[in-house]
Amino acid sequence: MPYTVDNRPPDLREQMYFPEILQGLKLAARHFFKNLFFARDPNPDFIERDRSLNWVATLQYPEEKVVYPPGYRGLHRLVPREDGKARCVACYMCATACPAQCIYIEAGEYADDPVEKYPVKFVIDEMRCIVCGFCVEACPKDAIRMDSGEHAPPSYERAAQIWDEKRLLRGPPVSYQADPWLRRGSPSIPPEKLEEMRARAKPFPTVATDEASQTPGFSVRALAQEAKERTGQ
Amino acid sequence: MIIALVGLAVALIALGAGGYLAAGGLAYAFGNAYLQGKWWGMPPSYGAAIANVVVLLLVVVMVSASLLSVAERKWSALIQDRIGANRILVGGNPLGGIPYLIADAVKMLTKERFQPDQATKFLFNLAPVLAFAPIFALFAIIPVGQPLDLGQIFAVQGPVARVSIALQLANPDAGLLYLFAISSLAVYGTSLAGWASNNKLALLGGVRAASQMISYEVSLGLSLVGTMLAYRTLRLEEMVVAQGYSSLGAIPNLGILLQPVGFLIFFASAFAETKRAPFDLPEGESEIVGYFIEYSGMQFGLMFLAEFVEIAILSGVITAVFLGGWHPIFFEETLKLRLTPLAFAAVGAGAFLGKMVVLMWAQLLVRWVLPRFRYDQIQGLCWKILLPGALVNIFVTAAAVLLDPSLRLLAIIGVVELIAIFTITAAVGRAPATAHGHGHDAAHGAHGADAHGHAPATAGH
């Protein structure tokens, strides 16, 4: 918040110094007593905190966590299908797009799935990751997302920061009507389960960067619309 | 929180009563032994002195000093809109940060005691003791409670009943002179610590500490001369008694009323003697200067604790000399009539300790409000403002006492001075309105609190 500093010479009272000390003590004492006598509002969304009585702005981090804003790029996850397998088809586009070269993929073959290809190994070195989100942009199958809303959790060993496909595969499953295993059926999925998955499937987004394929709540189109309205064009 | 304050008051009064009971009990035991010719004929006052050492020095001073080290963290946090130390949990409860006391003590005691190779060994080890001991000894002359006869504490008969018990370790005739003499010894500790460390930066800190303390001792001594003149005594206990009388209607002759200028000068000088911000030049953290930088473990702990002990002592001296000591001030006559002598004395001791607590709080408040001075400003403040002010104060006081020995004139002068100070402070100037408003918004208004909700909206101004 920019504000201008008043650089005029001190007036007589300020030159006397002592009255200004008393003013300062008054201000500090007011903060002290307000914060002492009134309870802190522990709302983790500290911007929304009621600070009319208690002025404490502290967030007690491990106990109270800030809710991350929509569009926040958190820890990666491999998006699962409803049957528990990864949506990933091991096309290597994310690994190719990654500027930090932190994604390592080994492809394998399904015997009984229309997708045929899947990652036997999918390893992300979270210490090397620069959290640019290019992998999410690059993915044609919406198989990798950064919508977990988590910070990289701390660890004592470097090895713990290398996430493999078992740790990455988590979160709510996603299906699209255009998915091959829904259109053509899959021998590995029981028919009634397949029907359930078809019923829940979403239409595939026409724009790759829209909210359906991206972090929930984040939409380039919506942002562009907002910017348009703001500038009045 | 109101309950906590009432609890604090009750605890302080109970502490006072406990002090009287302990002193009286030991004095009674010693007196009986004296009458029977046992215990090498030690008089009963020795018993009272032993109890007072335990209660006043070990309980009041040490406990308040160590609690102050926690309070410094918590209170500064409250002043700065933070929460403060609360990570040590006892049964899931931070207990206001008080467990940090134990953690600190364990840390200080178990750390390695490191000694520079080229240090002057003897002086290096002596310095922390010299820094701590004189300050600790200062509390000996602080009159925490009024004198009582032993017969008023316990229902005893005979010559033992007339033994006088006071919550005061010693009452020498020299009084305030003892205070000046012992407090000036503390400078040896700091300057020796700086010199014996054989470190340029430590030496710089020691020299800074020495010059600052020697300068401020002058105004420290002169600022109390006015009270000596007004109360015609050097003994702190007699000063407190004299503050119970009044010369201006019902208002008692408090030191702060008769000597507001002396009070301010004494407060500033004594603050400089404690070497805490804004007078913390001897320990410049950014320029690694500090007389104790080569110390570690409990040797550093002693110097660290000495600061907090100094705060407690300074509060005690100000309470005794300027704030009426153990006079409860409000409802004093009623209390005196209704309560037994012991209960009244305990309430008085509680009032003394309560005033001490308020003053300690005020010192921490000052420490967290004012930025530190530049070195030349420190010396300029002492020699150009405080010293002439103290001298003028002495002459004015002496003239007023000479003209009107009933102290009425002095009291009127003091009241006029106080009114002048507060009028100038309260007068609305051009500066505080804008400057204060900006600081306010930047500090805590930007997050949509009700009272300051306009801040984000007008972010562009």
Put +1 on the Cβ of each Lys and Arg and -1 on the Cβ of each Asp and Glu in the protein assembly as shown; which of A:Met93, B:Gly255, B:Gly151 then has its Cα farthest toward the positive end of the dipole?
B:Gly151
Mind checking which lysines have their C-alpha under 21 Å from A:Lys121, skipping anything on the same chain fewer than 8 residues away?
A:Lys85, A:Lys141, A:Lys166
Accessible area per residue of chain B at 1.4 Å probe, in Å²?
44 Å²
Two-site FRET efficiency, B:Gln377 against B:Asn93, from Cβ-Cβ distance with R₀ of 41 Å, rounded to 0.05:
0.40
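What shape does chain B have by the C-alpha gyration tensor, where a ≥ b ≥ c are the square roots of the eigenvalues, rounded means a/c under 1.5, and otherwise prolate means a/b greater than b/c and oblate the rest?
Rounded, since a/c falls under 1.5.
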What longest range of chain A stays clear of loop-exposed GluC sites (Glu not before Pro) (DSSP non-H/G/I/E/B, at most 15 other C-beta within 10 angstrom)?
A:158-233
Rounded to whole angstroms and listed largest first, the alpha-carbon spread of segment B:264-346 along its three principal axes comes to 59, 30, 14
Suppose we keep just the alpha-carbon trace of chain A; what are its Rg and Dmax in angstrom?
26.4, 90
Relative contact order of chain B (C-alpha contacts under 8 Å, at least 6 apart) in percent is 20 percent
So the pair-distance distribution of segment A:41-157, from every Cα-Cα distance in 5 Å bins, comes to percents of 2, 10, 17, 17, 14, 11, 9, 7, 5, 4, 2, 1, 0, 0
What distance in nm separates the simple spin-label points at B:Phe154 and A:Asp6, each placed 7 Å from Cα in the Cβ direction?
6.6 nm
Which value, in debye to the nearest 20, gives the size of the charge dipole of segment A:35-84 about its Cα centre, when Lys and Arg are +1 and Asp and Glu are -1 at the Cβ?
200 debye
Helix-only [θ]222 nm of chain B, DSSP H runs n ≥ 4, -39500 (n - 2.57) each, per residue, nearest 500
-21000 deg cm²/dmol
Could you go through segment A:122-130 in sequence order and give the Karplus-derived ³J(HN,Hα) for each residue, using 6.51 cos²θ - 1.76 cosθ + 1.60 with θ = phi - 60°, rounded to whole Hz, and x for Gly and Pro?
9, 10, 10, 7, 5, 6, 8, 4, 9
Using only Cα atoms, what Kirkwood radius does segment B:194-305 have, in angstroms?
16.2 Å
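State, as an integer percentage, the relative contact order of segment B:273-348 based on alpha-carbon contacts under 8 Å between residues 6 or more apart.
Reported as a whole number, the value is 20 percent.
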Please name which of B:Ala166, B:Ala186, B:Cys382 has its Cα lying farthest along the dipole of the protein assembly as shown towards the positive end, using unit charges on Cβ (Lys, Arg +1; Asp, Glu -1) and the Cα centre as origin.
B:Ala166
The percentage of the accessible area of the protein assembly as shown (probe 1.4 Å, all protein chains present) made up of carbon and sulfur atoms, to the nearest whole number, is 66 percent
Starting from segment B:75-140, pick out the trypsin sites (Lys or Arg not before Pro) whose DSSP state is loop and whose Cβ has at most 12 other Cβ atoms within 10 Å.
B:Arg87, B:Arg113
Please give the calculated 222 nm ellipticity per residue for chain A, where each DSSP H segment of at least 4 residues contributes -39500 (n - 2.57) and the sum is spread over every residue; nearest 500 deg cm²/dmol?
-7500 deg cm²/dmol
Take the alpha carbon atoms of the protein assembly as shown, find their radius of gyration, then divide it by 2.2 N^0.38 Å using N residues; give the quotient.
1.34
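Looking at chain B, which longest stretch skips every one of the GluC sites (Glu not before Pro) that is in a DSSP loop with at most 14 other Cβ atoms within 10 Å, leaving the sites themselves out?
B:288-461
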Mind grabbing the interface size between B and A? I mean buried accessible area, both sides, 1.4 Å probe, in Å² to the nearest hundred.
3600 Å²
Treat every Asp and Glu Cβ in chain A as -1 and every Lys and Arg Cβ as +1, leave all other atoms uncharged, and give the resulting dipole magnitude about the Cα centre to the nearest 20 debye.
260 debye
Any aspartates and glutamates whose Cα falls less than 16 Å from that of B:Lys275, other than same-chain ones fewer than 8 residues away, would be B:Glu72, B:Glu217, B:Glu283, B:Glu285, B:Glu307, B:Glu310, B:Asp376
Stretchable slack from B:Leu35 to B:Ala14, in nm (0.36 nm times residue separation minus alpha-carbon distance):
4.5 nm
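Which pairs in the list A:Lys65/A:Lys117; A:Lys65/A:Lys228; A:Lys34/A:Lys65; A:Lys65/A:Lys202 are over 28 Å apart, alpha-carbon to alpha-carbon?
Violating the 28 Å limit, Cα to Cα: A:Lys65/A:Lys117; A:Lys65/A:Lys228; A:Lys65/A:Lys202.
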Amide H to amide H under 5 Å from A:Ser175: which residues, 5+ apart in sequence or cross-chain, H placed 1.01 Å off N in plane?
A:Lys202
With every protein chain left in place, what is the accessible area of B:Ser246 in Å² (1.4 Å probe, nearest 10)?
60 Å²
The Cα radius of gyration of segment B:1-73, divided by 2.2 N^0.38 Å with N its residue count, comes to 1.46
More than 18 angstrom separation, counting every C-alpha pair in segment B:40-179; what % is that?
72 percent
Is any residue of segment A:126-143 close enough, with backbone N under 15 Å, to a label point placed 7 angstrom from the Cα of A:Arg158 along the Cα-Cβ axis, and if so, which?
A:126-129
Are there any chymotrypsin sites (Phe, Trp or Tyr not before Pro) in segment A:102-167 that are in a DSSP loop and have at most 12 other Cβ atoms within 10 Å? List them by number.
A:Tyr156
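How big is the charge dipole of chain B about its Cα centre, in debye rounded to the nearest 20, if each Lys and Arg gets +1 on its Cβ and each Asp and Glu gets -1 on its Cβ?
In total the dipole reaches around 320 debye.
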From the Cα trace of segment B:341-398, what convex hull volume per residue do you get, rounded to a whole Å³?
112 Å³
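Mean separation of Cα pairs under 8 Å and 6+ residues apart, divided by the residue count of segment B:22-107: what relative contact order is that in percent?
19 percent
The values are calculated or read from the model by the stated rules, or taken from the named source; none is laboratory data. All values reported here derive from a predicted model rather than from experimental measurement. So basically every Cβ, Gly included, is an ideal-geometry build from the backbone, and we count neighbours across all protein chains shown. The area values use the complete protein model at the heavy-atom level, side chains included, leaving out ligands, DNA and RNA. Shrake-Rupley method; radii C 1.70, N 1.55, O 1.52, S 1.80 Å.
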